[in-house]
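Working notes, structure below.
The values are calculated or read from the model by the stated rules, or taken from the named source; none is laboratory data. Remember, it's a predicted structure, so these values are computed and weren't measured experimentally. Please note: Cβ atoms are built from the backbone with ideal geometry, for glycine as well, and neighbour counts cover all protein chains shown.
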Amino acid sequence: MKLAIAQLNPTIGDLPGNAQQLLDAAQQAAANGARLLLTTELSLCGYPPRDLLMQPSFITAMAETLEQLAQDLPPELAVLVGTVTLNGRSLQDGGKPLFNSTALLEGGKIQHVFHKQLLPTYDVFDENRYFEPGSQGCCFTLQPSSLKIGVTICEDLWNDEQFWGKRNYRINPLDQLAEQGVDLIVNLSASPYSLGKQKLREAMLHHAAVRYHLPILYANQVGGNDDLIFDGSSVGFDRDGELICRGQAFAPDLIVVEWDEKHRNLVPTPTEITPALICEEAELWQALVLGVQDYVRKCGFSKIVLGLSGGIDSSLVAAIATAAIGADRVLGVLMPSPHSSDHSIADALALAMNLGIKTTKLPIGDLMKGYETLWADLFAGQEAGLAEENIQSRIRGNLLMAISNKFGHLLLSTGNKSEMAVGYCTLYGDMNGGLAAIADVPKTRVYALCHWLNQGGWLDREIIPANVLTKPPSAELKPGQVDQDSLPAYEVLDDILDRLILHHQSLEEIVAAGHDPAVINRVVKLVTRSEFKRKQAPPGLKVTDRAFGTGWRMPIANRWQPQVATPISD
C-alpha cells in the first residue's frame, strides 16, 4: 500500500486557491496509486492565519470549502487536511471557540476530525489566543489493511522529555498513541524555518521512532508567509529510526512511500530521499530567496526597487531579489551625495551589470542644499551633526518610496541584523520599505553569504564585485566615515549580539567569553535604546531562532538596562 505526503505552499486566507492545491496534490497522489495523502497543518487556510480566526465569516467559509473539497477528492483516496473547526462544547468555563484540527476526508465525506493537543505560545506562536486544546489521542483505521494510524499536529511531537530533558506540557500525545497500539504516526506540521532546524527535527523524529518503535511520517508546510519562512523538508522514519524519505527544501513536493503490511513498517525509498543542503550558506540563501519571492507574489507585487549604495548589504539584497523574481523585474537606484566615493558608484554599477538588473541614478546633492537653506535660520548657532548626516538617508528613503508609490514596486530595505540590533540605521530613511530582506542576517553572515555566492553558490560566476568584499563598510554620510567609527568590529559585535539575543547569556558569561566589559555595556545600551526603531521597521524575514519580528516582544519604554562592572584601569 502506498502513502503520500503533500508538501504544499498555501497562501493565508486563499481558501479556493489552497483547496485547489490540495485537490491537485490528491489527484497526483491517486495517479501514483496512493491510498492515503498526508498534508500540512492548517493546509486549507494557511499557517499562521492569526486574527483572521476572529472573523466568523472566515470560519464559515472554511467549513464550506472543506465540505466541497471532500466531494471533489478522488473517492479511492483518504486525505488528511489541516483545518479549523468550531468548539461545540460550552465555553462558559473559559474555553476557546476553535480547534486547530485535522479532517479525514474519504468517500466524499468528512469521516473524522482530530484536534491538536499541544498549543505553542512562545516565540512566533500564539495558539492559546485562538484554540482550545484537544483532550485525547487521535487515531483511525485505514482499510483494507487495518492500518491503525495515530494523528498528531506539529507541536504534539515536540514534548518528549527523554529528548529535551524536560516536558513543556503536562501530556505527551505520543505516549497516548503508543498505548492505543497504533501502527504508524503521522504529523501535519507548519514548522517555521531557522538555521539548522532541520537537523534538530530529524534528530527528534529519529528519537521518537526508536523510543516507541513506530514509523513516523512528517509533512511540513513550505513557503513564505509575512516574516516567516517554512522550509518543507518533510520526512519519514521507519520503526528502527532509519530515514526512508525526505522532501525538497524550500519547494513544494509530493513524496510517495510504501507501507509493508507484513512487517507493519515503512519501506526505505532511496529515490524519495532528497539530499540535505550542503552548508548553512546554501540554507540561508534558499530561505531568503523564497521569503522574498513569496512576499512579492502573495502581496500582489510584480517588481522590486531598492537603493544600491555599492556596499555589501545592498549588493546581497539585490542578488536575493534577482534570484527571487528575475533580473528584468528589479530596479536598483543609485543616489550619490557629495560624500559618496567614486568606488561606491562604480561598485554599484558593476554589481548591477553582474546581475543584469536595471539602474537609475538620482544625485541628491541639490536636495541636500535645499534642506540646508530651508533650516538655516532654525538651526543657526547649532553645531552640524547627526540630523544633517541623516537627512541624506531620509532623502534617499523618500525617493525610493516615491518610486514604489509611482510604479507599484515593492521597496526592499537593506539593513542587516547587526545594524537593527544597535540602531545603526535611520528611521524614515534606509529603514523605509515593505520588507527587510536581511534584517535577521548578522553582518558577518552577510559577508559569508557573499563569499559563498562568488564561489558558485548560485551562479557560476562572480556576483559581488571584489572591492565590495574588501573595502571597509561605510554609510558615507560624511567624509572618511566608516562603520567602525561608531561600532565595535563586526566580528566582536556579532558575537556579543549572538550571545545576548540568541543564547540569552548573562553579561558575566559574555565577559568570561573574552569580551571587554565596557564594550558589552555599550552594546547593551544601544540594543535597549533602539527598540523604538525596530518597532517601526518593515517586517524582516526570520532565519534564526531569535529575530526582531513577531516573536520579539520587548517594551519600548524600558528602564531595565543591565551592566557589568568595568575594571578600573591602573
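Under 7 Å between Cβ atoms, which residue pairs at least 6 apart in sequence (or on different chains) link something in the range 549-566 that is free of Cβ contacts under 8 Å to residues at least 60 places away in the same chain and in a loop (DSSP other than H, G, I, E, B) with a partner that is of a type in the set (Lys, Arg) and loosely packed, with under 13 Cβ neighbours inside 10 Å?
Within 7 Å, the pairs are Ile556/Lys535.
Examine the range 497-510 for a residue that is modelled with pLDDT of 95 or more and under 22 Å from Leu316 (Cα atoms), and state whether such a residue exists.
yes
Does at least one position in the range 90-112 carry a residue that is of a type in the set (Ser, Thr, Tyr) and more than 30 Å from the chain's Cα centre (by Cα)?
yes
When you look at Gly397, is it crowded, with 16+ Cβ neighbours inside 10 Å, in contact with a Lys or Arg (Cβ under 6 Å, 6 or more places away or on another chain) and either aromatic (Phe, Trp, Tyr) or closer than 22 Å to His339 by Cβ (or both), yes or no?
Taking the combined requirement at face value, the residue does not satisfy it.
Exactly one condition in (1) more than 29 Å from Glu272 (Cβ to Cβ); (2) assigned to a loop (DSSP other than H, G, I, E, B) is false for Asp175; which is it?
So Asp175 meets the others, but not (2).
Suppose we keep only residues that are touching a helix residue (DSSP H, G or I) at 6+ places or on another chain (Cβ under 7 Å) and buried (at least 24 other Cβ atoms within 10 Å of the Cβ) within the range 10-43. Which one would you say is nearest to Ala78 (Cα to Cα)?
Leu37
Looking only at residues that are polar (S, T, N, Q) and assigned to a loop (DSSP other than H, G, I, E, B) in the range 299-317, which one is farthest from the chain's Cα centre (by Cα)? Working first, answer last.
Step one: of the range 299-317, the residues polar (S, T, N, Q) are 302, 309, 314-315.
Right, trim to assigned to a loop (DSSP other than H, G, I, E, B) and you get 302, 309.
Numbers: Ser302: 21, Ser309: 26 Å.
Top of the filtered list is Ser309.
Considering (1) hydrophobic (A, V, I, L, M, F, W, C); (2) free of Cβ contacts under 8 Å to residues at least 24 places away in the same chain; (3) assigned to a helix (DSSP H, G or I), say which one Val519 fails and leave the rest.
Every condition holds for Val519 apart from (2).
Looking at Ala327, is it assigned by TED's automatic domain parsing to the domain that holds Pro363 and buried (at least 24 other Cβ atoms within 10 Å of the Cβ)? Reasoning before the result, please.
Details: assigned by TED's automatic domain parsing to the domain that holds Pro363: yes; buried (at least 24 other Cβ atoms within 10 Å of the Cβ): no.
It is false that Ala327 is assigned by TED's automatic domain parsing to the domain that holds Pro363 and buried (at least 24 other Cβ atoms within 10 Å of the Cβ).
Do we have Thr65 as among the polar types (S, T, N, Q) and either assigned to a helix (DSSP H, G or I) or touching an Asp or Glu at 6+ places or on another chain (Cβ under 8 Å) (or both) here? Explain how you work it out, then say what you get.
On the way: among the polar types (S, T, N, Q): yes; either assigned to a helix (DSSP H, G or I) or touching an Asp or Glu at 6+ places or on another chain (Cβ under 8 Å) (or both): yes.
Yes, satisfied.
Since Arg167 meets every condition but one in (1) at negative phi; (2) surrounded by 23 or more Cβ atoms within 10 Å (Cβ to Cβ), which condition does it not meet?
Going through (1) at negative phi; (2) surrounded by 23 or more Cβ atoms within 10 Å (Cβ to Cβ) one by one, Arg167 breaks only (2).
Taking Glu419 and the conditions (1) more than 26 Å from Leu362 (Cα to Cα); (2) of a type in the set (Asp, Glu); (3) crowded, with 17+ Cβ neighbours inside 10 Å, which numbered condition does it fall short on, given that it satisfies the others?
Result: Glu419 fails condition (1) only.
If Glu261 passes every condition in (1) assigned by TED's automatic domain parsing to the domain that holds Thr11; (2) out of contact with any Cys (no Cβ under 7 Å at 6 or more places or on another chain); (3) under 18 Å from Asn9 (Cβ atoms); (4) touching a residue at least 60 places away in the same chain (Cβ under 8 Å) but one, which one does it miss?
Looking at each condition in turn, Glu261 falls short on (3).
Quick test of your reading of the structure: Gly82 fulfils all but one of (1) within 25 Å of Phe125 (Cβ to Cβ); (2) surrounded by fewer than 16 Cβ atoms within 10 Å (Cβ to Cβ). Name the failing condition by number.
Unmet condition: (2).
Could you list, in sequence order, all residues of the range 351-374 that are exposed (fewer than 14 other Cβ atoms within 10 Å of the Cβ) and of a type in the set (A, V, I, L, M, F, W, C)?
Passing the criteria: Met353, Leu374.
Each row is one residue, and each column tells you yes or no for (1) farther than 29 Å from Leu400 by Cβ; (2) outside any helix (DSSP H, G or I); (3) touching a Ser or Thr at 6+ places or on another chain (Cβ under 9 Å); (4) among the hydroxyl-bearing types (Ser, Thr, Tyr).
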| position | (1), (2), (3), (4) |
| --- | --- |
| Arg239 | yes, yes, no, no |
| Leu254 | yes, yes, no, no |
| Leu266 | yes, yes, no, no |
| Thr271 | yes, no, no, yes |
| Pro275 | yes, yes, no, no |
| Ile278 | yes, yes, no, no |
| Leu284 | no, no, no, no |
| Gln293 | no, no, no, no |
| Arg297 | no, no, yes, no |
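Please give the number of the condition Gly232 fails out of (1) closer than 19 Å to Gln198 by Cα; (2) in contact with a helix residue (DSSP H, G or I) (Cβ under 9 Å, 6 or more places away or on another chain); (3) not β-branched (Val, Ile, Thr).
(2) is the only condition that Gly232 fails.
Pairs only if they're at least six apart or on different chains, beta carbon under 8 angstrom, first in the range 10-36 and at positive phi, second in a helix (DSSP H, G or I) and not hydroxyl-bearing (Ser, Thr, Tyr); list them, first residue then second.
Between residues of the range 10-36 that are at positive phi and residues that are in a helix (DSSP H, G or I) and not hydroxyl-bearing (Ser, Thr, Tyr), the close pairs are Gly13/Leu52; Gly13/Phe58.
Could you list, in sequence order, the residues of the range 86-111 that are free of Cβ contacts under 8 Å to residues at least 60 places away in the same chain, surrounded by 17 or more Cβ atoms within 10 Å (Cβ to Cβ) and closer than 30 Å to Gly33 by Cα?
Within the range 86-111, Asn100, Ser101, Ala103, Leu104, Leu105, Glu106, Ile110 meet the criteria.
Looking for something more than 24 Å from Gly46 (Cβ to Cβ) and surrounded by 24 or more Cβ atoms within 10 Å (Cβ to Cβ) - is there at least one such residue anywhere in the range 147-161?
yes
Considering the range 86-139 alone, what residues qualify as being closer than 14 Å to Leu53 by Cα, of a type outside the set (Ser, Thr, Tyr) and not in a loop (DSSP other than H, G, I, E, B)?
Leu86, Leu98, Phe99, Asn100, Glu127, Asn128, Arg129, Phe131 - these are the residues of the range 86-139 that are closer than 14 Å to Leu53 by Cα, of a type outside the set (Ser, Thr, Tyr) and not in a loop (DSSP other than H, G, I, E, B).
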